[in-house]
Amino acid sequence: IAEHADLGDFKTLEQFILETQSEYEHSSGSFSRLLRDMSVAAKIVNRDMRRAGLLDIYGQTGITNVQGEVQKKMDALAHKEFVLALRRGGECCLIGSEEHAEAIPIDASSESDGHYIVLMDPLDGSSNIDVNVSVGTIFSIYRIPDDVPPEEATLDDALQPGTDQVAAGYIVYGSSTMLVYTTGHGVNGFTLDPSIGEFLLSHRNLQTPDRGSICSINSGNYHAFDQGLRDYLNWLQEYDENDPNRPAKTRYIGSFVSDFHRNMLMGGIYMYPSTQGNPDGKLRLMYEANPMAFLIEQAGGKATNGKTRIMELEPESLHQRTPLFIGSPDMVDRAHAFLQGNA
Ligand code: AHM
Ligand code: MG
């Protein structure tokens, strides 16, 4: 039996944030407090999620959100908790959420002089909530432009390309709960120890393998894929005695955060392409694709829309969608070659 690790072996998230604060461009302590606020909300959502089957928080709210999707009670609850935590913390002046049509200004009465904008999907993978499968939270953090007073921040100030993100991360509520984030200095992962209520540094400086054997895509849409993508999927399924990664393993949870987390650790590619019915795919640029693109690039991987690097796309609206190919660099390159018809 492995010895129990005690806290002395691990750094807490707060310790780590303080120790690495000097890496940030703007290190007044404000950004550290913002991250702490996010982690507190994550713990509250985690607590509620762990008891979801016992409380009356499975199922739907009866509301259809801005995406035209039926909102789950846990979606609404997670949205509320993150907004509350950010409002209370005062470091954030504007929030964009999958669960809210408009950007949410943090009103001046909360004495906010926060310079940060947080864009998030409070609970991604909703279709999995009621059946006890892992879901996640995704977030992306920007600074408002220097010449904009925080109380005047609008959606326009949030529509910055992914290359301008100051931080991005996710929380995966899985067999354990993890918070993984980057500030552009590598990717670090923290596992929640529920007995002490702290996120502890468990995965330092994560790097994704150059290639792997995992392919994550909803192949039920195969009939609506471009020929180049079909060719790539067929190639992945071929046996090649010289290629240990083929035939690839199909792994698709339908929870982007969980699929992404596994692939980043093990090596793989996640794809949500354009289809005949949905030319822009499904995932949202500002709070799903961009933050994960920042993370995977920091871990040595790549993220594109099939043509262009995700983080260089010019955003037009809060909820815009984009096709997404993300994961191990060699696999994204190979997918591209097939998509362009020159594999
Ligand atoms: P959501 O934000 O409404 O939960 O939608 C995003 C989710 C992703 O987590 C997941 O990868 C994808 O939608 C699954 O979509 P599909 O069922 O079309 O394969
Ligand atoms: Mg989502």
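The values are calculated or read from the model by the stated rules, or taken from the named source; none is laboratory data. Keep in mind that what you see is a predicted model, and the values were worked out from it rather than measured. Quick reminder, even Gly has a Cβ in these numbers, built from the backbone with ideal geometry, and neighbours come from all protein chains shown.
For segment 293-318, taking the residues that are farther than 19 Å from residue 119 by Cα and β-branched (Val, Ile, Thr), the one that is farthest from ligand 1 (Cβ to nearest atom) is identified as 308. Kindly check whether there is at least one residue in segment 257-264 that is out of contact with any Asp or Glu (no Cβ under 8 Å at 6 or more places or on another chain), within 16 Å of ligand 2 (Cβ to nearest atom) and among the aromatic types (Phe, Trp, Tyr). Yes, there is a match, as at least one residue in segment 257-264 is out of contact with any Asp or Glu (no Cβ under 8 Å at 6 or more places or on another chain), within 16 Å of ligand 2 (Cβ to nearest atom) and among the aromatic types (Phe, Trp, Tyr).
Of the strands (runs of 3 or more DSSP E) that lie entirely inside segment 121-197, those containing 1 or more residues that are within 13 Å of ligand 1 (Cβ to nearest atom) span 135-143, 167-173.
Cβ-Cβ distances below 9 Å connect the following pairs, each with a first residue in segment 270-283 that is acidic (Asp, Glu) and modelled with pLDDT of 95 or more, a second residue that is within 16 Å of ligand 2 (Cβ to nearest atom) and part of a strand (DSSP E or B), and a separation of six or more residues or different chains: 280/321. Give segment 144-160 a look and list any residue that's crowded, with 20+ Cβ neighbours inside 10 Å and under 23 Å from the mean Cα position of the chain (by Cα), or say none. Of everything in segment 144-160, those that are crowded, with 20+ Cβ neighbours inside 10 Å and under 23 Å from the mean Cα position of the chain (by Cα) turn out to be 144, 158, 159, 160. Screening the candidates 229, 200, 192 for the property of being in contact with a Phe, Trp or Tyr (Cβ under 8 Å, 6 or more places away or on another chain), surrounded by 22 or more Cβ atoms within 10 Å (Cβ to Cβ) and within 28 Å of residue 129 (Cβ to Cβ) yields one hit, 192.
Residue by residue, here is whether (1) among the β-branched types (Val, Ile, Thr); (2) modelled with pLDDT of 90 or more holds:
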residue	(1), (2)
6	no, no
14	no, yes
17	yes, yes
38	no, yes
86	no, yes
95	yes, yes
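When each of 330, 280 is tested for being surrounded by fewer than 22 Cβ atoms within 10 Å (Cβ to Cβ) and touching an Asp or Glu at 6+ places or on another chain (Cβ under 7 Å), the lone residue that passes is 330.
Looking across segment 82-127, the residues that are among the acidic types (Asp, Glu) and within 16 Å of ligand 2 (Cβ to nearest atom) come down to 98, 99, 121, 124.
On the stretch given as segment 251-260, residues that are in a loop (DSSP other than H, G, I, E, B) and within 19 Å of residue 233 (Cβ to Cβ) total 4. Going by the conditions given, is residue 341 touching a Gly at 6+ places or on another chain (Cβ under 9 Å) and either among the charged types (D, E, K, R) or surrounded by fewer than 21 Cβ atoms within 10 Å (Cβ to Cβ) (or both)? The answer is yes for residue 341. Taken together, the criteria exclude residue 258 from residues that are over 15 Å from the mean Cα position of the chain (by Cα) and modelled with pLDDT of 95 or more. What number goes with the only condition from (1) in contact (Cβ under 8 Å) with a residue 60 or more places away in the chain; (2) within 16 Å of ligand 1 (Cβ to nearest atom) that residue 223 does not pass? All conditions are met except number (1).
Taking the criterion of being part of a loop (DSSP other than H, G, I, E, B), away from ligand 1 (no atom under 11 Å from the Cβ) and within 20 Å of residue 314 (Cβ to Cβ), the residues of segment 261-292 that qualify are 274, 279, 280. For segment 239-267, the candidate set comprises residues that are touching a Lys or Arg at 6+ places or on another chain (Cβ under 7 Å) and not acidic (Asp, Glu); within that set, the residue that is surrounded by the fewest Cβ atoms within 10 Å (Cβ to Cβ) is 239.
Condition check: at pLDDT 95 or above, acidic (Asp, Glu) and within 16 Å of residue 92 (Cα to Cα). Does residue 157 satisfy that? Judged against the criteria, residue 157 is a match.
Only a single criterion out of (1) within 17 Å of the chain's Cα centre (by Cα); (2) in contact (Cβ under 8 Å) with a residue 40 or more places away in the chain; (3) buried (at least 21 other Cβ atoms within 10 Å of the Cβ) is not satisfied by residue 127, namely (3). Within the span defined as segment 138-161, one or more residues are within 16 Å of ligand 2 (Cβ to nearest atom) and not polar (S, T, N, Q). Considered as a group, the residues in segment 198-230 that are of a type in the set (S, T, N, Q) and part of a strand (DSSP E or B) include one that is farthest from residue 271 (Cα to Cα), and that residue is 202.
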